[in-house]
1. How many residues are over 20 Å from Trp154 (Cβ atoms) and in contact with a Ser or Thr (Cβ under 8 Å, 6 or more places away or on another chain) if we restrict to the range 68-126?
2. For Ile169, which of the numbered conditions (1) hydrophobic (A, V, I, L, M, F, W, C); (2) surrounded by fewer than 19 Cβ atoms within 10 Å (Cβ to Cβ); (3) not in a loop (DSSP other than H, G, I, E, B) fails to hold?
3. May I ask you to say which residue of Leu125, Leu49, Leu138, Leu84 is among the hydrophobic types (A, V, I, L, M, F, W, C), part of a strand (DSSP E or B) and closer than 20 Å to Ala189 by Cβ?
4. Before we move on, is Arg210 basic (Lys, Arg), modelled with pLDDT under 95 and in a helix (DSSP H, G or I)?
5. Is it the case that Lys200 is out of contact with any helix residue (DSSP H, G or I) (no Cβ under 8 Å at 6 or more places or on another chain), of a type in the set (Lys, Arg) and surrounded by fewer than 18 Cβ atoms within 10 Å (Cβ to Cβ)?
6. For the list (1) closer than 19 Å to Thr111 by Cα; (2) among the hydrophobic types (A, V, I, L, M, F, W, C); (3) touching a residue at least 40 places away in the same chain (Cβ under 8 Å), I need the number of the one condition that Met50 fails.
7. Going by the structure shown, is Ala30 outside any strand (DSSP E or B), in contact with a strand residue (DSSP E or B) (Cβ under 8 Å, 6 or more places away or on another chain) and surrounded by 21 or more Cβ atoms within 10 Å (Cβ to Cβ)?
8. State which residue is surrounded by the fewest Cβ atoms within 10 Å (Cβ to Cβ) when the search covers only the range 38-86 and only residues that are over 19 Å from the mean Cα position of the chain (by Cα) and among the small types (Gly, Ala, Ser).
Amino acid sequence: MKTIFMTGTSTGLGRSSALLFAEKGWKVIATMRNPDKETELGNHPNITLMALDVTDVEQIKQVAKNTIAMGKVDVVFNNAGYGLAGPFEGASDEQMMQNINTNLFGVMRVTKAFLPHFRENKGGLFITTTSIGGSLALPFNSIYHATKFALEGWSESMDLELKKFGIGIKTVAPGGIKTDFAGRSLVLAEHEAYKEMLDKVVAVFMDPERAQMQSTPDQIAAVVYEAATDNKDQLRYYAGDDAKAMFARKQELGYQAFRDELDATFFGE
């Protein structure tokens with residue numbers, strides 16, 4: 001039985017991935033900040049719940065140690081993260097630091113905690129949830145994009161760095177996911193000078209036609225499972241029709257024309 005360690009499994013993609021891997025016969029170590037509130041995952045015989053806040057350096061080290069003590073870990077799935085939206089000028093230093101601490105440093109810390117184990121076993125795979133927002137940018141998401149672009153660049157470098165040890169690293173880059181991400185996992189920065197522009201952008205994001213292009217958590221979880229099991233030497237997996245279409249459009253048009261198209265879409269200019 002293979003073992004996968006996961007962060008951010010309380011809802012959405014993380015929860016769906018934990019259940020999918022468990023149903024496929026994997027041993028799943030599912031972590032979240034408040035496992036005491038969880039009822040479904042803990043009842044599955046293949047799932048073990050652990051408390052983990054990816055901004056807590058010492059807790060990461062201890063949880064990794066406890067996990068490894070249970071046996072060999074084959075895959076680490078870095079999924080914990082949240083969105084920070086709104087005008088950059090309105091974001092507080094605390095909001096910026098917390099988003100970077102969770103989305104970027106959290107992934108780096110968890111990865112670092114398991115690297116010695118993977119080196120000793122001469123194998124292992126890290127999978128990180130990034131976003132289509134790690135390959136292209138939309139307005140009023142600058143800090144979130146900064147974390148996701150950083151993860152993609154970091155993963156490219158790590159891909160080269162880890163190959164000699166037999167260790168893989170992959171990213172899964174979804175588009176929109178039909179979850180409560182906007183309500184539960186989104187922090188909004190505000191600034192009066194940008195209100196009219198932000199209202200236009202929100203209207204585009206909330207368009208029901210746009211929502212139809214989004215994927216379910218189960219659909220994206222299937223891509224995570226594919227990345228974990230296909231044995232391909234492939235770094236990046238775009239997940240969802242919308243993510244694939246947007247990336248293809250940017251490639252087709254080139255950055256300048258793509259930027260102008262986005263400007264017209266969001267601001268009508």
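1. Counting residues in the range 68-126 that are over 20 Å from Trp154 (Cβ atoms) and in contact with a Ser or Thr (Cβ under 8 Å, 6 or more places away or on another chain) gives 6.
2. (2)
3. Within the list Leu125, Leu49, Leu138, Leu84, the selection yields Leu84.
4. Yes; evaluated as a whole, the condition is true for this residue.
5. In short, no.
6. (3)
7. For Ala30, the condition - outside any strand (DSSP E or B), in contact with a strand residue (DSSP E or B) (Cβ under 8 Å, 6 or more places away or on another chain) and surrounded by 21 or more Cβ atoms within 10 Å (Cβ to Cβ) - is not met.
8. Of everything passing the filter in the range 38-86, Ala69 is surrounded by the fewest Cβ atoms within 10 Å (Cβ to Cβ).
The values are calculated or read from the model by the stated rules, or taken from the named source; none is laboratory data. Predicted, not measured: the structure shown is a model, and the values here were computed from it. Note: ideal-geometry Cβ built from the backbone for every residue, glycine included; neighbour counts use all protein chains shown.
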